[in-house]
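In what follows, a structure is listed as structure tokens, so that the remarks can point back to it.
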């Protein structure tokens, strides 16, 4: 299995690139985010996910371990193949994926080509519990539409206590589902802490 490639970028095409490693050109499929960060003709290092099928061996390249972890997680969802996973990672950063799934923001997911409403619901449902512990990109995540009023204040309280924003958002999304977005601040904080303790 190939886990990493370091070589000269020979060419960048739509959705893929060729990396020359010791005279061998590897065709690597990547998100537009990763392709955009590659040098035109310089040395690059890509983390690789190798997929072996009956008819082909495909290499998928990533600029960060967070992106590779998200690719692996997304492809566990029925209906999300490698192509759709790369499309999602092209449209949304790991931080944006965490926020969208934690908030159940199906509209954000359906902006990706190949992701319809049913698949967006499946992604949110199946990955909601896992999204909070997934790595982000370290960028600032904008508050999701579900995080307003007392829920936004509870989010601020939990992050000030030292919880990761993505974990706190996921916990408060569950608390808001259970108690309603209009619940008292202390109720939401207690429910959020309870969810985080599980």
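Quick note: the coordinates plus some simple rules give every number you see, no bench work behind them. If you're wondering where the values come from, they're calculated on a predicted model, not measured in any experiment. Virtual Cβ from ideal backbone geometry, glycine too; neighbours counted across all protein chains shown.
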Next on the checklist: I want to confirm something. Restricting to segment 41-72 and keeping residues that are in contact (Cβ under 8 Å) with a residue 24 or more places away in the chain, assigned to a helix (DSSP H, G or I) and out of contact with any helix residue (DSSP H, G or I) (no Cβ under 7 Å at 6 or more places or on another chain), which single residue is surrounded by the fewest Cβ atoms within 10 Å (Cβ to Cβ)?
Outcome noted: 65
Checklist outcome for this item: Residues of segment 1-18 being assigned to a loop (DSSP other than H, G, I, E, B) and under 19 Å from residue 49 (Cβ atoms), in sequence order, are 1, 2, 3, 15
Item to check | segment 19-35, residues that are more than 23 Å from the chain's Cα centre (by Cα) and part of a strand (DSSP E or B) | outcome: 19, 20, 21, 24, 25, 26, 27
Next on the checklist: For segment 176-198, give me each residue that is without any contact (Cβ under 8 Å) to a residue 24 or more places away in the chain and assigned to a helix (DSSP H, G or I).
Outcome noted: 177, 178, 179, 186, 187, 190, 191, 194, 197
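Of everything in segment 18-40, what is loosely packed, with under 11 Cβ neighbours inside 10 Å and touching a residue at least 12 places away in the same chain (Cβ under 8 Å)? Give them in sequence order.
Hits for segment 18-40 are 22, 39, 40.
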Item to check | Residues that are touching a residue at least 12 places away in the same chain (Cβ under 8 Å) and assigned to a loop (DSSP other than H, G, I, E, B), drawn from segment 83-122 | outcome: 92, 93, 104, 105, 111, 112, 113, 114, 115
Item to check | Matching residues in segment 73-114 - criterion: being touching a strand residue (DSSP E or B) at 6+ places or on another chain (Cβ under 7 Å) and crowded, with 20+ Cβ neighbours inside 10 Å | outcome: 86
